[in-house]
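Quick notes on the structure that follows.
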Ligand SMILES: [Fe+2]
Ligand SMILES: [Fe+2]
């Protein structure tokens with residue numbers, strides 16, 4: 001790999017929700033345009049009910065983010081009311097892969113019409129494997145639903161139905177990191193030689209406990225990958241740093257104490273909270 005790569009991961013925008021905060025998303029767009037990432041990944045729940053006007057609003061924001069490569073997939077909310085039709089019209093295929101120098105991203109639609117649960121399904125495993133074949137750089141898998149339970153989210157009920165089989169497929173593909181949204185809690189687990197990461201909602205107050213809205217930034221420099229949580233209007237903290245597996249070494253540094261601090265330290269209101 002010749003240069004470092006910066007990836008921005010936003011998710012669960014939820015336009016149309018009474019908890020959507022226009023100024024938060026406006027701020028995220030500004031911060032990302034200042035950050036200038038190489039790739040933007042949006043892991044679904046762009047909308048609340050899958051309505052066309054909600055998609056149009058989400059797209060207007062995403063279009064304002066000046067990034068060369070954008071990978072956008074739907075979430076369960078986007079497949080309500082046949083919303084996947086609008087998704088395809090506005091964003092294109094619901095399953096896609098991106099290969100840039102030193103990086104392969106495979107993104108899959110895990111949603112099912114009018115269900116909050118999701119799956120990938122055996123028929124798509126081979127497609128996923130093909131996309132990762134002949135990839136020599138960092139391998140990232142993106143999906144809306146989480147693959148492992150996320151702490152601080154109450155009763156577990158919506159990892160994808162075939163989560164165990166998908167985890168096995170991803171390990172077979174030597175995936176370095178899987179990224180998701182859905183639970184609105186930012187977290188990272190190590191699972192064998194893969195890191196399983198979630199991002200929070202970036203633009204709503206649909207939040208559990210005192211967790212604040214945030215998005216994730218991934219920095220890849222050589223074999224080292226850093227995972228940061230960025231709070232709009234606020235600070236950034238580091239969730240994990242690890243070295244890409246593959247040559248017998250895999251080193252991860254975790255900050256487990258952060259979960260408690262996320263839940264109990266109290267939400268700081270954004271500077272402007274209009275249009276709730
Ligand atoms: Fe969501
Ligand atoms: Fe969701």
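The values are calculated or read from the model by the stated rules, or taken from the named source; none is laboratory data. It should be emphasised that the depicted structure is a prediction, and the values quoted were computed from it without experimental measurement. Using ideal geometry, Cβ is built from the backbone for each residue, glycine included, and neighbour counts are taken over all protein chains shown.
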Exercise for review: May I ask you to list the residues in segment 32-52 that are out of contact with any helix residue (DSSP H, G or I) (no Cβ under 8 Å at 6 or more places or on another chain) and more than 16 Å from ligand 2 (Cβ to nearest atom)?
Suggested key: 32, 33, 34, 35, 36, 37, 38, 39
Study note, to complete from the structure: Note on segment 63-81: residues more than 15 Å from ligand 2 (Cβ to nearest atom) and either in a loop (DSSP other than H, G, I, E, B) or in contact (Cβ under 8 Å) with a residue 40 or more places away in the chain (or both) are 64, 65, 66, 67, 68, 71
Review point. Out of all the residues in segment 85-102, which are in a loop (DSSP other than H, G, I, E, B) and loosely packed, with under 13 Cβ neighbours inside 10 Å?
Key: 92, 93, 101
Review point. If you take the residues in segment 162-192 that are within 14 Å of residue 129 (Cα to Cα) and part of a helix (DSSP H, G or I), which one is nearest to ligand 1 (Cβ to nearest atom)?
Key: 166
Practice item. Within segment 153-183, count every residue that is within 14 Å of ligand 2 (Cβ to nearest atom), at pLDDT below 95, surrounded by 23 or more Cβ atoms within 10 Å (Cβ to Cβ) and within 22 Å of residue 237 (Cβ to Cβ). Key: 1
**Study point:** Check on residue 142, closer than 27 Å to residue 84 by Cα and within 15 Å of ligand 2 (Cβ to nearest atom)
**Key:** yes
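Table: residues versus (1) surrounded by 15 or more Cβ atoms within 10 Å (Cβ to Cβ); (2) in contact (Cβ under 8 Å) with a residue 12 or more places away in the chain; (3) over 13 Å from residue 143 (Cβ atoms); (4) within 16 Å of ligand 1 (Cβ to nearest atom).
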residue: 56; (1), (2), (3), (4): no, yes, yes, no
residue: 59; (1), (2), (3), (4): yes, yes, yes, no
residue: 83; (1), (2), (3), (4): yes, yes, yes, yes
residue: 104; (1), (2), (3), (4): yes, yes, yes, no
residue: 116; (1), (2), (3), (4): yes, yes, yes, yes
residue: 124; (1), (2), (3), (4): yes, yes, no, no
